[in-house]
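Asker: Here you go, one structure.
The values are calculated or read from the model by the stated rules, or taken from the named source; none is laboratory data. Only a predicted model underlies this, so the values are computations on that prediction, with no experimental measurement involved. Backbone-built Cβ (ideal geometry, glycine too); neighbour counts: all protein chains shown. Just the protein is used for accessible areas: all its heavy atoms, side chains included, with ligands, DNA and RNA removed. Shrake-Rupley method; radii C 1.70, N 1.55, O 1.52, S 1.80 Å.
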Amino acid sequence: MVSNDVEALGLGDSCEALLLTPKARVIAPLVVLRRGVDDFLVLTEAGLGPAVRATLTRTRLALKCEIEPEAHASFVALGALEGIPTGDFGVPAVELLDLDIEPNVDDEELELMRIRAGTPRFGREIDDRVMPAEAGLDKRAINFEKGCYPGQEPVARQHYRGRVLRGLRPLVADGEELPPYDAELTFGEKVVGRVTSAALEGDHVLLLAYVRAEVPTRATLLLGEREVRPA
């Protein structure tokens with residue numbers, strides 16, 4: 001049912017995966033942790049648990065498995081620590097579950113690090129308009145050698161035959177005003193992208209945006225009348 005080879009995980013290992021529609025739109029991004037031979041913990045973002053459980057339950061057919069919800073408190077810790085590895089922030093980091101600890105980095109700094117690392121987030125960079133490869137999820141959450149799963153055909157077709165028309169880029173805009181979600185980016189006279197995430201960093205704004213592939217990576221874009229440069 002998911003896009004990565006979770007059966008190949010060793011005990012205590014984890015991997016990222018996607019739960020997709022047949023048209024390869026993302027239902028939920030996942031982290032799958034193998035706790036036992038037949039015990040997998042499927043972690044997803046807050047609010048997506050019911051959709052994940054409903055989809056897996058509806059499609060398990062004759063498989064003899066139980067799918068039950070679990071609630072966990074999650075913390076991100078920076079550094080090479082024991083925990084569930086996460087590549088979301090561009091530096092070594094782990095996710096820790098159900099520990100009575102104080103986080104060593106706050107949510108605002110984590111958001112800046114996520115944007116700078118070009119990591120997509122559900123509801124911002126990931127929605128029903130986006131294919132996994134456009135968000136860079138093919139590099140981290142898809143195994144192209146595993147058996148079939150919903151959405152595999154369009155994912156494989158884009159990977160082997162097609163061309164990704166747009167991709168995520170971290171950008172910097174002058175000034176301290178945050179642009180709205182989906183604000184247009186232009187290059188010359190043409191709309192070439194849209195802003196998906198923005199966070200204030202000092203006297204400028206750090207952006208994450210989809211930009212068309214034909215736009216040079218070092219190009220200066222316009223956000224209204226503001227110049228936008230590569231981060």
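Asker: Looking at Y181, V76, V211, which one has the Cα that reaches farthest to the positive end of the dipole of the chain (charges on Cβ: Lys, Arg +1; Asp, Glu -1)?
Answerer: Checked the options; the winner is V211.
Asker: Hey, can you grab everything whose amide H is under 5 Å from the amide H of R166? Only 5+ residues off in sequence or another chain; H modelled, so Pro and N-termini drop out.
Answerer: Those lying under 5 Å, H to H, from R166 are A213.
Asker: Given the rule -39500 (n - 2.57) for each run of at least 4 DSSP H residues, summed and divided by the residues of the chain, what is its mean residue ellipticity at 222 nm, to the nearest 500 deg cm²/dmol? Mind dumping the intermediate values first?
Answerer: Numbers: 3 runs with 31 residues, N = 231.
Dividing the helical sum by the residues of the chain leaves -4000 deg cm²/dmol.
Asker: Sticking with this one: Suppose every K and R has +1 on its Cβ and every D and E has -1 on its Cβ; what is the size of the dipole of the chain about the Cα centre, in Debye to the nearest 20?
Answerer: Details: 27 positive and 39 negative charges, 306 e Å.
The dipole of the chain has a size of about 1480 debye.
Asker: I've got another one for you. Report the gain in length on full extension from A117 to Y181: 0.36 nm times residue separation, minus Cα-Cα distance, nm rounded to one decimal.
Answerer: 21.2 nm
Asker: Taking the chain as a Gaussian network, where each spring joins two C-alpha atoms under 10 Å apart, which residue of I84, I67, I101 fluctuates the most?
Answerer: With Cα springs under 10 Å in the chain, the top fluctuation among I84, I67, I101 is at I101.
Asker: Cross-link candidates for K146: which aspartates and glutamates have Cα within less than 13 Å, leaving aside residues fewer than 8 places away along the same chain?
Answerer: Of all the aspartates and glutamates, those that pass the test against K146 - Cα under 13 Å, at least 8 places apart if same chain - are D5, E7.
Asker: About the Cα centre, and with charges only on the beta carbon of Lys, Arg (+1) and Asp, Glu (-1), how big is the dipole of region 9-58? Nearest 20 debye, please. It would help to have the intermediate numbers written out before the result.
Answerer: Numbers: 6 positive and 5 negative charges, 57 e Å.
Computed charge dipole of region 9-58: roughly 280 debye.
Asker: Considering only the other residues whose Cβ falls under 11 Å of the Cβ of R212, what net charge follows from Lys and Arg at +1 and Asp and Glu at -1?
Answerer: Working: positive: R166, R169, K190, R194; negative: E134, E214.
Within the 11 Å Cβ shell, the charges total +2.
Asker: Pop out the carbon and sulfur fraction of the accessible area of the chain as a percent, whole number, probe 1.4 Å.
Answerer: Details: 6920 of 13160 Å².
After summing per-atom areas, the C and S share lands at 53 percent.
Asker: Between region 125-193 and region 21-83, what's the alpha-carbon centroid distance in Å?
Answerer: 23 Å
Asker: In a Gaussian network model over the chain where Cα atoms closer than 10 Å are linked, find which of S74, S14, S197 has the largest mean-square fluctuation.
Answerer: So, out of S74, S14, S197, the one fluctuating most is S74.
Asker: Please compute the contact order of the chain in relative form: average sequence separation of alpha-carbon pairs under 8 Å and at least six residues apart, divided by the residue count, as a percent.
Answerer: 17 percent
Asker: Which whole-Hz couplings ³J(HN,Hα) result when phi for each residue of region 136-151 is put into the Karplus expression 6.51 cos²θ - 1.76 cosθ + 1.60, θ = phi - 60°, listed in order with x for Gly and Pro?
Answerer: Here the 3J(HN,Hα) series is x, 6, 5, 7, 10, 10, 10, 10, 7, 10, 7, x, 5, 8, x, x Hz.
Asker: For F144 paired with A71, estimate the spin-label separation in nm (one decimal), with each label point 7 Å from Cα along the Cα-to-Cβ line.
Answerer: So the label points at F144 and A71 sit 4.2 nm apart.
Asker: Right, something else. So how much slack lies between A46 and K23, counting 0.36 nm per residue of separation and subtracting their Cα-Cα distance, in nm?
Answerer: 5.9 nm is the gain from fully extending A46 to K23.
Asker: Considering all alpha-carbon pairs of region 1-123, what whole percent are spaced by more than 16 angstrom?
Answerer: Distances greater than 16 Å cover 66 percent of the Cα pairs.
Asker: If you don't mind, another one. Which FRET efficiency value, to the nearest 0.05, do you get for Y160 and L99 by plugging their Cβ-Cβ distance into 1/(1 + (r/R0)^6) with R0 = 45 Å?
Answerer: E(calc), rounded to 0.05, equals 0.60.
Asker: Considering only P150, P120, A198, whose Cα is most displaced toward the positive end of the charge dipole of the chain, charges sitting on Cβ of Lys, Arg (+1) and Asp, Glu (-1)?
Answerer: Positive-end residue among those listed: P150.
Asker: How about region 118-193: which trypsin sites (Lys or Arg not before Pro) there are in a DSSP loop, with at most 13 other Cβ atoms within 10 Å of their Cβ?
Answerer: Sparse-neighbourhood loop trypsin sites (Lys or Arg not before Pro): R129, R161, R163.
Asker: Then there's this: Please compute the per residue accessible area over the chain with all protein chains in place, 1.4 Å probe, rounded to a whole number of Å².
Answerer: Solvent-accessible surface per residue comes out at 57 Å².
Asker: So which GluC sites (Glu not before Pro) in region 22-110 are both in a DSSP loop and have at most 16 other Cβ atoms within 10 Å of their Cβ?
Answerer: E45, E66, E70, E82
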